[in-house]
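One structure below.
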Amino acid sequence: RSAVVTICVGICTMLSLASPTACGFAAPLAPRSAVRSASPSMLAVTDLVGASTEVSNKVWDPLKLSENMDESNLKLVRAAELKHCRVAMLATVGWLWTATGTHFEGMLSTSSGVSFADVAAAGPLLGAAKVPAAGIWQMIAAIGALEVYWENKYPAAECGGDFGVPRVTQDPAKFKEIQLAELKNGRLA
């Protein structure tokens, strides 16, 4: 199981890295002044959940990057943060799972003679290095295909991490609390 968890963590990490927006395929940024005049009620970084709770009730933006962002760019950055938070949380669970020595029975790769037990015995880091190159390339191809599909279905600049999954609650205050908990857990991971 540890090899599968390690592989899943690798897949999730590669998903976040293989994003078309992360690779430079994002639309060009519009100047803030042009967007502000077109839309008077624009989303600001201070309006996002979790923006001011971590550092003395201020937005931590030492490079002032958010000053030049329009609403779609803020949603894009929030979607990237959520994706990285979710991958980090999954990676933490995967690391802990792998560190327990739990693994599937059988062969990870019959052609290379690598079993799940071999990978688990090596530990989380060295175990990942035992995965054959063909398996790594299969994961990269699958992750790339999934990322392109997902970005086309739910563009990050529009959805901002909301992928159409039914919400746990319909209460707006409770939903903000859940969003804040997800962000804080992801930032911790």
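The values are calculated or read from the model by the stated rules, or taken from the named source; none is laboratory data. Everything numeric in this text was worked out from a predicted model, so none of it was measured. As a convention, Cβ positions derive from the backbone with ideal geometry for all residues, glycine included, and neighbour counts pool all protein chains shown. Calculation scope for accessible area: heavy atoms of the full protein, side chains included, ligands and nucleic acids excluded. Shrake-Rupley method; radii C 1.70, N 1.55, O 1.52, S 1.80 Å.
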Check your understanding: Considering only residues of the stretch 156-179 that are modelled with pLDDT under 85 and closer than 19 Å to GLU71 by Cα, which is most open to solvent (accessible area, probe 1.4 Å)?
Key -> GLU158
**Study point:** Some residue of the stretch 108-118 being at pLDDT below 90, open to solvent by 50 Å² or more (accessible area, probe 1.4 Å), of a type in the set (Ser, Thr, Tyr) and not in a helix (DSSP H, G or I)
**Key:** no
**Study point:** Failed condition for LYS176, given (1) touching a residue at least 12 places away in the same chain (Cβ under 8 Å); (2) within 30 Å of LEU43 (Cα to Cα); (3) in contact with a helix residue (DSSP H, G or I) (Cβ under 8 Å, 6 or more places away or on another chain); (4) not small (Gly, Ala, Ser)
**Key:** (3)
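Out of all the residues in the stretch 54-89, which are of a type in the set (S, T, N, Q), touching a Leu at 6+ places or on another chain (Cβ under 8 Å) and surrounded by 13 or more Cβ atoms within 10 Å (Cβ to Cβ)?
Within the stretch 54-89, SER66, ASN73 qualify.
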Revision key, fill the gap. Exactly one of LEU146, LEU125, LEU183 is exposed (fewer than 15 other Cβ atoms within 10 Å of the Cβ) and in contact (Cβ under 8 Å) with a residue 60 or more places away in the chain, and that residue is LEU146
Check your understanding: Restricting the search to the stretch 90-107, which residues are in contact with a Pro (Cβ under 7 Å, 6 or more places away or on another chain) and either open to solvent by less than 30 Å² (accessible area, probe 1.4 Å) or more than 30 Å from LEU188 (Cα to Cα) (or both)?
Key -> THR98
